[in-house]
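Undergrad: Have a look at the structure that comes next, please.
Here, each number is a calculation from the coordinates, and none is a lab measurement. Quick caveat, the model's predicted, so the values are computed rather than measured. For neighbour counting, all protein chains shown are included, and Cβ atoms are generated from backbone atoms with ideal geometry for every residue, glycine included.
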Amino acid sequence: MQTLMRKPQWLRKKISLSDQKPMERLLAQGRVHTICEEAMCPNISECFSQKVATFMILGTVCTRACTFCAVSRGVPLVLNPHEPENVAKTVNHLGLRHVVITSSTRDDLSNGGAEYFCKTVRAIKALDDSITVELLIPDMKENLSALEQVANSGAEIIGHNLETVSRLYHVRKGSDYERSLRVLEKLTSLNPDIATKSGIMLGFGEGDEEILSLMQDLLDVECRYLSIGQYLSPSHKYEPVVEYVEPKRFEYLRDRGMEMGFTYIKSSPYARSSYMAHEYLEAK
Ligand code: SF4
């Protein structure tokens, strides 16, 4: 059995269940799911107390089996045709000005769920077209028609996470580093007006040179937004943390990346791809 490493001081974040409760009730009433809850995000108290959430569409069960991810896996749920409107109403109710929509990976769906991403963007913009939308998509098996749909959905930013360096892709079962890069490349070529974004986690045992090489790979496919955060193992059943990376290394990587040509990098132990997501657009 894996022994969990003791967290260093800089990773002790306050969790307040009472701060989260009002938001949890509101989300349940709206019949919507969030990755914040499904992936056990460590920022949940902070984000929920500020009435910020990242919505998860296409159900809560994933068809892949990344060894770091707490989202349920197995036989996926039947799609809820009301989901796009439910998300839009909740976004409007919360008064969000920028919203991130993500999903589980749905390899069982012929278009990977692209249609639902588009319906959700349209439903949000139909209620208030000044809301900016960010989609954080799975690789959709690089299906060109699916990527074409999301690239032209009306979303301002489309993210697809590399998660880690190429050498450590055993933690991303069913995924492929080169394919993920091609997905980002195709999104830009299908719609040069959108910005693309990616996210990685540190703590699987990657080296700085590998991360700098990953950054160059992203820049080569015109991806200029990046989040870098610390991997935290949800429990002993998941991929172990090899290293708790010190804050100064996050700063070093951010500075190097900005010198290399990124437009914005959020790099800190608690950065997640959707954490403070409005900041990326502001830096555009
Ligand atoms: S960082 Fe993102 S996923 Fe985590 S709680 Fe905040 S909005 Fe949700």
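Undergrad: Where is the GNM fluctuation largest for the chain (alpha-carbon springs, 10 angstrom cutoff): Leu77, Leu187, Leu219?
TA: For the chain, modelled as a Gaussian network with Cα springs under 10 Å, the answer is Leu77.
Undergrad: Which lysines have a Cα lying under 27 Å from the Cα of Lys173, excluding residues fewer than 8 positions away in the same chain?
TA: Lys7, Lys141, Lys186, Lys197, Lys237, Lys266
Undergrad: Can you tell me the FRET efficiency between Asp255 and Asn80 if r is taken as the Cβ-Cβ distance and R0 is 45 Å, rounded to the nearest 0.05? Don't skip to the answer; put the middle values down first.
TA: On the way: r = 44 Å, r/R0 = 0.97.
It comes out at approximately 0.55.
Undergrad: Which whole-number percentage describes the relative contact order of the range 15-282, with Cα contacts under 8 Å and a sequence gap of 6 or more?
TA: Values: 517 pairs, mean separation 39.4, N = 268.
About 15 percent, as a whole number.
Undergrad: Which percent, nearest 5, of DSSP beta bridges in the chain are antiparallel?
TA: Numbers: 2 of 30 bridges.
Among the beta bridges of the chain, antiparallel pairing accounts for roughly 5 percent.
Undergrad: What are the ³J(HN,Hα) couplings of the range 159-173, residue after residue, when phi is run through the Karplus curve with 6.51, -1.76, 1.60 and θ = phi - 60°? Round to Hz, x for glycine and proline.
TA: x, 8, 7, 6, 6, 7, 6, 3, 4, 9, 6, 5, 7, 10, 4
Undergrad: Along the Cα→Cβ direction, 7 angstrom out, place labels at Ser235 and Ser145. What is the inter-label distance in nm?
TA: 4.1 nm
Undergrad: For a test of the definition: using alpha carbon positions, the gyration tensor, and the 1.5 limit on a/c, classify the range 173-245 as rounded, prolate or oblate.
TA: Numbers: a/c = 2.40, a/b = 1.94, b/c = 1.23.
Cα axes put the range 173-245 in the prolate bin.
Undergrad: At R0 = 25 Å, how high is the FRET efficiency between Glu282 and Lys13 if r is their beta carbon distance? Nearest 0.05 is fine.
TA: 0.55
Undergrad: Take the chain, connect every pair of alpha-carbon atoms lying under 10 Å apart with a spring to form a Gaussian network, then pick out the residue of Ala88, Ala151, Ala28 with the largest mean-square fluctuation.
TA: Ala28
Undergrad: Which shape class, rounded, prolate or oblate, goes with the chain when its Cα gyration tensor gives a ≥ b ≥ c as root eigenvalues, a/c under 1.5 marks rounded, and past that a/b bigger than b/c marks prolate?
TA: Numbers: a/c = 1.37, a/b = 1.15, b/c = 1.19.
Here the chain falls in the rounded category.
Undergrad: Can you tell me how the range 44-125 classifies by the Cα gyration tensor, rounded, prolate or oblate, using a/c under 1.5 as the rounded cut? Before the final figure, lay out each step's value.
TA: Details: a/c = 2.47, a/b = 1.31, b/c = 1.89.
Here the range 44-125 falls in the oblate category.
Undergrad: So for the pair Lys51, Ser166, with labels modelled 7 Å out along Cα→Cβ, what separation do we get in nm?
TA: 4.6 nm
Undergrad: For every other residue with a beta carbon closer than 12 angstrom to the beta carbon of Ala53, add +1 if it is Lys or Arg and -1 if Asp or Glu, then tell me the sum.
TA: Numbers: positive: Lys51; negative: Glu24, Glu37, Glu38, Glu46.
Its environment carries a net charge of -3.
Undergrad: Cut-off 10 angstrom, C-alpha nodes, Gaussian network model of the chain. Which of Ser274, Ser189, Ser198 fluctuates the most?
TA: Ranking Ser274, Ser189, Ser198 by mean-square fluctuation puts Ser189 first.
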